[in-house]
Amino acid sequence: MSLKLISAAMLAATLSTAAFAGDMAFKVTDSYARSASANAKTGAAFITLMNMSDSDDRLIGAASPAAKRVELHTHLENDGIMKMVHVEEGFPVAAGEMIEMERGGKHVMMMGLNGSLEQGAMVSVTLTFEKAGDMEVMVPVDLERKPMKGHGMMKHGKKGNGAGHGAGHGNASDS
C-alpha cells in the first residue's frame with residue numbers, strides 16, 4: 001500500500017468519526033486546522049460536532065500539544081468591524097443538535113504554535129465538556145481551503161472590554 005493511500009484512508013476516517021467523552025457520544029462530521037503561513041504563531045481548528053446523546057452539554061475548553069495556549073473563540077461585529085474574542089463560557093451543545101466551528105465564527109484558537117502546521121499533518125485537540133469531560137479529536141491540517149467571502153479586517157480582543165491584545169491577526173483568512 002502506498003503512503004498516499006494510507007494517508008488518504010486516515011484522513012477519510014477522521015472526517016467522519018464518532019468520539020466518546022464520558023457517557024456522551026459526539027460525531028465529528030468535518031474538521032480541519034490551518035494557519036495563515038508556515039511561520040505563523042497562531043492557528044485555528046474548525047470542528048463540526050453532533051451531540052448524539054439525549055443530554056445537553058457545553059463545550060467549555062480545548063487543549064492541544066500543538067500550541068502553548070488554546071482557547072474557544074468566536075467573531076463579534078462592533079461598529080462594522082469584526083473582532084475575534086475568547087468565549088470563556090464556552091459553546092452550548094444541545095442534545096441531538098450540532099455546532100459548526102467555521103471561519104468567521106466559532107473556532108478553537110491555537111496561540112504560540114510549537115511548530116508550523118503542515119498540509120496533511122494531523123493535530124491532536126482535546127475538547128473539554130462541562131458534563132461529559134474530555135474528548136480527543138485528531139484534526140487534519142488543510143491549508144488549501146478557501147477563506148470565507150465577505151470578511152475583511154478584524155481585531156483580536158477580549159470579550160466585553162473592546163480592547164485588542166496585540167496587533168491583531170490581519171484578515172479573516174488568518175483563522
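The values are calculated or read from the model by the stated rules, or taken from the named source; none is laboratory data. The structure displayed is predicted, hence computed values, not measured ones. Here the Cβ positions follow ideal geometry from the backbone for every residue, glycine too, while neighbour counts run over all protein chains shown. The accessibility values were calculated without ligands, DNA or RNA, using every heavy atom of the protein model including side chains. Shrake-Rupley method; radii C 1.70, N 1.55, O 1.52, S 1.80 Å.
Quick notes on this one:
- Of the residues making up region 110-120, those that are surrounded by fewer than 23 Cβ atoms within 10 Å (Cβ to Cβ) and under 14 Å from Ala44 (Cα atoms) are Met111, Gly112, Leu113, Asn114, Gly115, Ser116, Glu118, Gln119.
- Considering only residues in region 79-88 that are in a loop (DSSP other than H, G, I, E, B) and not β-branched (Val, Ile, Thr), the one that is surrounded by the most Cβ atoms within 10 Å (Cβ to Cβ) turns out to be Glu88.
- Flag for Glu97 being surrounded by fewer than 16 Cβ atoms within 10 Å (Cβ to Cβ) and touching a residue at least 12 places away in the same chain (Cβ under 8 Å): yes
- If the condition is being among the acidic types (Asp, Glu), modelled with pLDDT of 95 or more and farther than 25 Å from Lys27 by Cβ, then region 38-96 contributes only Glu88.
- Put simply, of Leu76, Leu49 the only residue that is surrounded by 17 or more Cβ atoms within 10 Å (Cβ to Cβ) and either assigned to a loop (DSSP other than H, G, I, E, B) or touching a strand residue (DSSP E or B) at 6+ places or on another chain (Cβ under 9 Å) (or both) is Leu49.
- Residue count for region 129-142, restricted to those that are open to solvent by less than 60 Å² (accessible area, probe 1.4 Å) and modelled with pLDDT of 90 or more: 7.
- Remark: pairs (first residue in region 52-73, open to solvent by less than 30 Å² (accessible area, probe 1.4 Å); second residue of a type in the set (Lys, Arg); Cβ separation under 6 Å; 6+ apart in sequence or on different chains) = Asp57/Lys131.
- Subset of region 97-130 [within 18 Å of Thr29 (Cα to Cα), more than 15 Å from the chain's Cα centre (by Cα) and of a type in the set (Asp, Glu)]: Glu97
- Verdict on Gly80 being touching a residue at least 24 places away in the same chain (Cβ under 8 Å) and not charged (D, E, K, R): no
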